[in-house]
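Working notes, structure below.
Where a number appears in this text, it was derived from the coordinates with a stated rule and is not lab data. Since the structure is predicted, the reported quantities are computational estimates derived from the model, not experimental observations. We place every Cβ from the backbone using ideal geometry, glycine too, and count neighbours over all the protein chains shown.
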Amino acid sequence: MTRRLFAPILPLLLGLVLLGVTTGPVLTSYTDAPVVSPTEGRQGLDDQIAEECGELTFEDLFVYDFALFELKVHDDWSTGEMNANAWVNGSNAATVRDNLDGLFDGTPGGNNSWISTDEREAVRNIGPKCIGVMDTRLGMREGIPHSGGVDWNDFEFVEEGIGLDEVNLVPEGHPDARTCRSVRAGADCKEVPTSITDDMEISLFLAGDGPDNNVRWDQLPNSGTSNFTLAMNISNMSDAALVVTFPVLQGLRMYDFRVIDNQPESGETCDHIGEPSFVYLPDGALRVTQLVSFDRTQWELYCNMFLDFTTEAPEMNVPPVWANTAPDNGTVVGTPGEGTWTFASADLGNSWASDDNGWSLNCEFDEEGWSVFTNVLGNFFVTQPANSEQSTATCTAVDPLGAVDENDTRTWTFGTLYTATATVDDDGQFARLTIAPSGLVDEFLLTASAAQDALMGGSSVPLTVASTPTTTAVPLQALRPGAFNFAVSANAANMLDHDVELSLGLSKPNSPPVVQVAVNFDGENATWDESQLKFSMYGLVSDPDLETVTLSLTICGADYQGFNIDGINWVVEVSIAICLANGLTNYDVVITAVDDSGAKTEIYVAIPSPVPDEPTQTSPTVTEDETGSLPSISFMATASMLGAALLLQRRRTGENRQHQKDLTAGKHRS
């Protein structure tokens, strides 16, 4: 997608990426006329900037795999800190690079299918000004609950407080990188093709040299002590977590939640959006987490989310109740040792208890330094100190208002299940993972896989670990060269299922690609066409690490890259024009295969001449007649010369063919 925009504005547009802003008011009633909030604080900005930045939506520019948006409401209830991080992987990363490059259409180096460090720096430097004039999708209003049709007291960005950065938009040291070709490019400018699929991140944060906020709104009259509603436009936010942390306020709770859509003719709805989760932080602050998923293809569907809050005590507050799925007393929770580890997913952990207002897990340990907590996605974690191998915890389920049944507790034992070390085989095909049990349980069954970002290797053979260290082979064939972790699962009687990811500082070595040249029916490496001005070759190419391989060759000192690769098969047609132009008659080539990680293989390939070598001329017998006339070649001498030439040509032709057959058996030299 390419749009021609006002040139000085183009670098600003990345600001849209971070918060998925939309044009127009944040919230719209589907029964009443929309109310547009005032644009105070935007004076002084160029009208063209506001116009250009306001025209684009989030999806015009950016497709992410996951985004985390975090808002911290300050104690003044009129300002806040917004942080956002978006992860873009694989083909989506190529799409984003292409979209960004297209937005620079009309500028030097823009819209040329290459994204440069100059374009990147322009985005970093000027982007906050564009964000400063955009809507935030958020509004907060005090009073009775509403679902549209009122002034929503929209949040707005504070330009001076906005920091903007990216990671890996232009990967450093990328094999496809080149010096920028634009006439106005900086001296150190580098650019990469927009088609590369290297993962990237984009971040918005509080600028270090600005105010203590980067969003603001009209202060709530009663600073949160009266009922209020937080509203957000979540249309087209494909996969995101929205986290809002409120100031400490006694009794603050959410008492209602709803999502309203515009009921398009397509029949699509927003009913799939689930309720948010809640947790009270150690200081008493309420943190609300909302997970959002949206089908990007449903352009007609609009969704607005409303969360109602109050400080009024509920008429009746019943403490949380443990469910049958909760671990029994005496259950063991294993860890790999010191550090912070996941011990239950959000779905599993949240099923252990129930409460109308939500609940959180509170555990008191008999050893110092141990603690449990949940992250923004609701997963349960335990932190184990360095000086403790094991600790017993008494745990209760507590609701957001502090209701708890102190007589209904669960006692669990947390501790080190094993320690792990590992090595990688020289050929990079397997890692050897050694598990040393700690004695926390009598024995356990363990499996392990190699994990590398979204890639997973094959599983090891299930291993029973009892009293002695045991080693298992973990396949690495499905991984790319580079760093990897171990995804370890363990099961034992009376133990919570153990699933962790271990980082042991290992890397898979890079194996070079393998390239082969096939011979034709004459046993030769190349087949000449009728003009004898070009020849074709074919063969096989593969990479042990399953990476993409690029082929090129050198002939007569010139490089050539016209290979056609289909799976593991390749074919190439090579012209000898460069050789003829330089008076060269040796057409042997060197084929080079390079994988995505830069490993290279070179093979020398002998190419037969297009015609047999000319026979060596022999001097004929010359006779001189008695009259003194010029010498002439006798008929017999002429016949003898022709016969010798024919025999010599046949012999050389046979020698050439035998030479080519000998090369077939051992002609490829790396």
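List of remarks:
- Unit charges at the beta carbon, dipole of segment 62-135: most positive-side option, 85, 69, 116: 116
- Cross-linked pairs 129/190; 508/534; 129/508; 72/190; 72/508: Cα-Cα separations exceed 32 Å for 508/534; 129/508; 72/190; 72/508.
- Euclidean distance between Cα centres, segment 63-88 to segment 578-599, Å: 53 Å
- Between segment 529-559 and segment 156-184, the alpha-carbon center distance in angstrom: 35 Å
- Look at where the Cα atoms of segment 370-387 and of segment 468-511 average out, and the two centres are 21 Å apart.
- Sequence-distant contacts, meaning Cα pairs under 8 Å at least 6 residues apart, place the relative contact order of segment 321-416 at 37 percent.
- Sequence ranges 601-611, 169-179, ranked by mean other-Cβ count within 10 angstrom, highest first: 601-611, 169-179
- From the C-alpha gyration tensor of segment 321-416, square roots of 5λ in Å: 22, 14, 12
- Rg to Rh quotient for segment 418-508, alpha carbon positions, Kirkwood Rh: 0.97
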